[in-house]
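The values are calculated or read from the model by the stated rules, or taken from the named source; none is laboratory data. What you are looking at is a predicted structure, and each value in this text was computed from that prediction instead of being measured. All Cβ positions, even for glycine, are placed from backbone atoms using ideal geometry, and neighbour counts span all protein chains on display.
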Amino acid sequence: MVLKSNLIKVKEEDPLFQLFFLKNDEDQSIEVLEVEEIDFTEVKKRLDQGESVFITRKRKQKQNPSQTVGEEVIEPWYFSHV
């Protein structure tokens, strides 16, 4: 993983990130973006607008059969406000 200013980029063989923007409107709309880089300036802007943001890695469709119960699981990030 490479960290540059307000962006995080994963290696090409790694899965994409999924960003869920939970809007604070009548319909409680959700906007989903799949990106290779996370723009934290945009995330902060959305939080300042009253939206909630959920960030996770896009999971592969096929489950890895070699994964065992004892392996570490990476938790997604969730920002409810700044």
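Brief remarks follow.
- Residues that are surrounded by 15 or more Cβ atoms within 10 Å (Cβ to Cβ) and either farther than 15 Å from Phe79 by Cα or out of contact with any Phe, Trp or Tyr (no Cβ under 9 Å at 6 or more places or on another chain) (or both), drawn from region 16-38: Phe17, Lys23, Val35
- Test result for Val32, at pLDDT 90 or above, β-branched (Val, Ile, Thr) and within 15 Å of Ser80 (Cα to Cα): no
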